[in-house]
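Nothing in this text is a laboratory measurement; each read-out follows from the coordinates by a stated rule. From a predicted model like this one, the values you see are computed outputs, not experimental measurements. Here Cβ is always computed from backbone atoms with ideal geometry, including for glycine, and neighbour counts include all displayed protein chains.
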Amino acid sequence: MKRDLCNVKLDDGTLLEGLKDTQLETALPKPGGVVVVLRGVGQGRQAKLLDRNDSKGAAVLQSFGDLEVMEKKMDDIAEWMGPIEEDEFAY
């Protein structure tokens, strides 16, 4: 699949294939919520959203496990709705 295309599985099990990234919008929780890093350093890691700056499109996260604080573009993270990995949850 091309880099700018993705598949999305909806809650009801419907699979939407070949969506362009421009057709999607990243959902983020309020500060204190859990996010997952989608790309870049820390890809796949779950983290706590500490702060978000909508006008700059940036967010500050604290990863579970090593408690590293990092700044990410809001397009590089998304709200995590699944279970939190127990070995990642250190606080």
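Enter the mean projected area of the convex hull around the alpha-carbon atoms of segment 26-79, in nm², rounded to one decimal.
For segment 26-79, the mean projected area of the Cα convex hull comes to 3.0 nm².
Count charges around Leu24 for me, please; just the other residues with Cβ under 12 Å from its Cβ, Lys/Arg as +1, Asp/Glu as -1.
-3
Multiplying the sequence separation of Asp66 and Thr14 by 0.36 nm and subtracting their Cα-Cα distance, what value in nm do you get? If you can, show how the numbers build up before the last one.
On the way: separation 52, 0.36 × 52 = 18.72 nm, distance 3.59 nm.
Net length gain for the segment: 15.1 nm.
Principal axis extents for the chain, Cα atoms only, whole Å, descending order, please.
37, 32, 22
Among Val69, Leu24, Val36, whose Cα sits farthest toward the positive end of the charge dipole of the chain (+1 at Cβ of Lys/Arg, -1 at Cβ of Asp/Glu, about the Cα centre)?
Working it through, the farthest residue towards the positive pole turns out to be Leu24.
Considering Cα pairs under 8 angstrom that are at least six residues apart, work out the relative contact order of the chain and quote it in whole percent. Display every interim value, and only then the final one.
Numbers: 154 pairs, mean separation 20.3, N = 91.
With pairs under 8 Å counted, the relative contact order is 22 percent.
Sum up the charges of everything whose Cβ sits under 12 Å from the Cβ of Val60, counting Lys and Arg as +1 and Asp and Glu as -1, but leave Val60 out. List each step's numbers first, then the result.
Numbers: positive: Lys48, Arg52, Lys56, Lys72, Lys73; negative: Asp51, Glu68, Glu71.
Summing Lys and Arg as +1 and Asp and Glu as -1 gives +2.
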